[in-house]
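What follows is a set of notes on a single structure, which appears directly below.
The values are calculated or read from the model by the stated rules, or taken from the named source; none is laboratory data. In this text the structure is predicted, and so the values were computed from the model without any measurement. Backbone-built Cβ (ideal geometry, glycine too); neighbour counts: all protein chains shown. Only protein heavy atoms, including side chains, enter the accessible area calculation; ligands, DNA and RNA are left aside. Shrake-Rupley method; radii C 1.70, N 1.55, O 1.52, S 1.80 Å.
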Amino acid sequence: MPEPKPRRWRGRLVALGIALAVLVPLGYLWATSLVPGSYNAAEMGYADYGGGSTDGHAHHHGAMSVKDLTGPTTGTPDVAVTLIARKQKFQLASGETVDGYTLNGTSPGPLIRARVGELVQVTLVNESVPDGATLHWHGIDVPNAEDGVAGVTQDAVPVGGKFVYRFKAEQAGTYWYHSHQVSSDEVKGGLFGAIVIAPSAPGEVVAAIHTYNGKRTINGRTGSGRVDLPAGTTARVRVINTDNAILRVGLLGTPYKVVAVDGRDVHGPSSVTAAYPLAAGARVDLEAVVPAGGMRLVAGAAATSLGIGPGDAPTGELPGETVDLLTYGTPAPLGFDPARADRNFEYRIGRRPGFLDGKPGLWWTINGHKFPDVPMFMVAEGDIVRMTISNTSGQAHPMHLHGHHAVVLSRNGVRATGSPWWIDTLEVGNKETYEIAFVADNPGLWMDHCHNLPHAAQGLMTHLMYEGITTPYRIGGDASNTPE
Ligand code: C2O
Ligand code: CU
């Protein structure tokens, strides 16, 4: 006997009802996750005033375009460099072939050097980078129009195009430059180089660490390199982590001092033998007197290192202990009072399942919101800003704010008691909370993102915006601007 029809139909209706109950909200989540093909970064997300003035866009001084916030437009540059970007096969200094990106035929690109007070002019020519390219001056607090972020401060430079960056070198230190167009691909592939603001000194060693095709290098060389320096020389080793993950670095063979972090001098550094945890995008300057037997910079593990000094340097692994900047060095005035903050922001990093631009996955969240519906941190020029960065996302994130240096006030509620710990890139581990503070002294629209660049491409990215700032550029759009 066949089953009576009404029951079967009822069953089907119930099943259909359940399916709709699941699919309709899913469809809604999917549809609301779509990122428009083209949008204005200044209009992204929702304004977060951090408890401060809400004048925002309608400030009485009127609007100011990012485009007008340039460096000096007149004057003969003291340092003038042209960098030609190409997509090509090239050879590492140690001989391996890489299919990636070069600047003037090499990766890393040429070392740029300037002294404090000099006018730097860099002309980027894109000969053959198909997605377009830009140059961002990581850690140099340049005027906003020189910041090199595609879709925010300029259009990506297309094949056959060029762009001129001009800025005054103001703070001595170790920095680097890299493309900020499809940066998760172009930086990995080699579109970066080092820039040092300081006169060249006999004991200086620049060590840019980068992994090409899974092979870790120092200055584009796998294995163990060498720099000849006479014993007794005071060496300053400028180490740059251009990769996506934190790396332990340090000197073997002699105690050393951490004399600068992210282009800012450390006050009262003491001698250490521990390893230094160098966040992705961050820099550290290590100082030591070259011993008779030489010394060795180790990048991560002994397999990648740089012997420095006369003859053979000691080999081996880095010690297990780690330098902690929360207590390293001695206090000094900050130049501003974080207790008198005009803004108090939270940058809460989480992760949850859902859709991002229609794609299902586990996505990063900022204050519970998924990209592009993330907070826009609003400030006015002159504000003292405090920001609490916390992370319960299950992974560590090297957080990088453009255009500013911030000082670390505390970690997990423990106050910083060492040297002022100035950063532009700060490793925030899972379940960690950092409180930082800075002065809003560089008007513009500034990225504030994770420097594990694939994470930024997955939406761990927002902006700090000064009131009244507008940008004529668009993410997406005719120039296919894709900053991450
Ligand atoms: Cu080094 Cu927004 O980047
Ligand atoms: Cu990250």
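Output the residues belonging to region 250-280 that are of a type in the set (Val, Ile, Thr) and under 13 Å from Met295 (Cβ atoms).
Step one: filter region 250-280 for residues of a type in the set (Val, Ile, Thr), giving 254, 258-259, 261, 266, 272-273.
If the condition is that a residue be of a type in the set (Val, Ile, Thr) and under 13 Å from Met295 (Cβ atoms), then Thr254, Thr273 are the ones that fit.
Which residue is farthest from ligand 1 (Cβ to nearest atom), if the candidates are limited to region 419-438 and must be open to solvent by 10 Å² or more (accessible area, probe 1.4 Å) and in contact with a Pro (Cβ under 8 Å, 6 or more places away or on another chain)?
It comes out as Pro420.
Restricting the search to region 397-442, which residues are small (Gly, Ala, Ser) and under 26 Å from Gly468 (Cβ atoms)? Break it down into steps so the answer makes sense when it comes.
Within region 397-442, the subset small (Gly, Ala, Ser) is 403, 406, 410, 413, 416, 418-419, 429, 437, 440.
Answer for region 397-442, where residues must be small (Gly, Ala, Ser) and under 26 Å from Gly468 (Cβ atoms): Gly403, Ala406, Ala437, Ala440.
So is Arg236 within 19 Å of Ala260 (Cβ to Cβ), open to solvent by 30 Å² or more (accessible area, probe 1.4 Å) and assigned to a strand (DSSP E or B) or not?
Yes; evaluated as a whole, the condition is true for this residue.
Taking strands (runs of 3 or more DSSP E) that fall entirely within region 394-476, which contain at least 2 residues that are away from ligand 2 (no atom under 14 Å from the Cβ)? Show your work before the answer.
Working: elements: 397-401, 406-411, 425-428, 433-439, 445-450, 461-466.
Ranges flagged: 406-411, 433-439, 445-450, 461-466.
Here are the criteria: (1) open to solvent by 10 Å² or more (accessible area, probe 1.4 Å); (2) touching a residue at least 24 places away in the same chain (Cβ under 8 Å). Tell me which single one Asn104 does not satisfy.
Single failed check for Asn104: (2).
Being of a type in the set (A, V, I, L, M), away from ligand 1 (no atom under 15 Å from the Cβ) and in contact with a Phe, Trp or Tyr (Cβ under 8 Å, 6 or more places away or on another chain), is that true of even one residue in region 439-458? Reasoning before the result, please.
So in region 439-458, the residues of a type in the set (A, V, I, L, M) come out as 439-440, 445, 447, 453, 456-457.
In the following step, the residues that additionally are away from ligand 1 (no atom under 15 Å from the Cβ) were identified as 439-440.
Next, from what is left, pick out any that are in contact with a Phe, Trp or Tyr (Cβ under 8 Å, 6 or more places away or on another chain): 439-440.
So far as region 439-458 goes, yes, one or more of its residues are of a type in the set (A, V, I, L, M), away from ligand 1 (no atom under 15 Å from the Cβ) and in contact with a Phe, Trp or Tyr (Cβ under 8 Å, 6 or more places away or on another chain).
Can you tell me which residue among Asp228, Asp155, Asp147, Asp141 is surrounded by fewer than 24 Cβ atoms within 10 Å (Cβ to Cβ) and within 16 Å of ligand 1 (Cβ to nearest atom)? First the steps, then the outcome.
Numbers: Asp228 fails: within 16 Å of ligand 1 (Cβ to nearest atom); Asp155 fails: within 16 Å of ligand 1 (Cβ to nearest atom); Asp147 fails: surrounded by fewer than 24 Cβ atoms within 10 Å (Cβ to Cβ).
One residue alone meets the criteria, Asp141.
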